[in-house]
Amino acid sequence: MMQVFTVRRSRRFAQRPSRVFDAWLDPALRAQFETPEGSGMSHVTLATQEGESGEILIAPGDTEVGRMFDTIRILQPGRLAVVHGWGVFGGNPAMTMQNVFDVTPDGDGCTFTGTSQMVVLGEQPTEADVARGWDDMLDRFAGVLERTSQED
């Protein structure tokens, strides 16, 4: 079975666009919202700048089930980036994805839009799984932004 789908999620933030874009790529902050403690995921390497590659270990309960790999491209500094990624589970390629992050001015803040275009070779993850993952990650990101904005 092969699934092909696109998931798009938007969230408005009170912070300026450059602050949100920079926070999304900041290694210390990214670990807090992308691979938080208890998630069973951890960064082996982290792609945060043009051309860098990253790797995420997926090991819930300390048992490795897969790895995700990605490469980042900054299309428009402070506004638009794309991450090309792929997943290997059980030793086999299982998915490919393209994630686009677009941060646009919106009044006194900005709107962050994340779009995942997925090709999944199998039944998991489903479109609903990816949508839920985006919602959870954006909720964590909002908390990180709020905490770090108070520190600024």
TODO: Could you please tell me which pairs satisfy a Cβ distance under 8 Å, a separation of 6+ or placement on different chains, a first residue in the stretch 9-36 that is more than 20 Å from Ile58 (Cα to Cα), and a second residue that is among the β-branched types (Val, Ile, Thr) and in a helix (DSSP H, G or I)?
DONE: Phe13/Val20; Ala23/Val144; Ala23/Thr148
TODO: Looking only at the stretch 60-79, decide whether some residue is surrounded by 15 or more Cβ atoms within 10 Å (Cβ to Cβ) and at pLDDT below 90.
DONE: yes
Task: Candidate set: the stretch 50-68, residues that are out of contact with any Ser or Thr (no Cβ under 7 Å at 6 or more places or on another chain), part of a strand (DSSP E or B) and of a type in the set (A, V, I, L, M, F, W, C); chosen: the one nearest to Pro17 (Cα to Cα) - done: Met68
- [ ] Examine the stretch 69-78 for a residue that is without any contact (Cβ under 8 Å) to a residue 12 or more places away in the chain, farther than 30 Å from Gln15 by Cβ and of a type outside the set (Lys, Arg), and state whether such a residue exists.
- [x] no
Open item on the list: For the stretch 11-24, give me the residue count where each residue is within 15 Å of Ala81 (Cα to Cα) and surrounded by fewer than 19 Cβ atoms within 10 Å (Cβ to Cβ).
Closed with: 2
Open item on the list: All but one of (1) touching a residue at least 24 places away in the same chain (Cβ under 8 Å); (2) more than 17 Å from the chain's Cα centre (by Cα) hold for Ala142; state the number of the condition that does not hold.
Closed with: (2)
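The values are calculated or read from the model by the stated rules, or taken from the named source; none is laboratory data. As the structure is a prediction and not an experimental result, all values here were calculated from the model. Cβ: placed from backbone, ideal geometry, glycine included. Neighbour counts: every protein chain shown.
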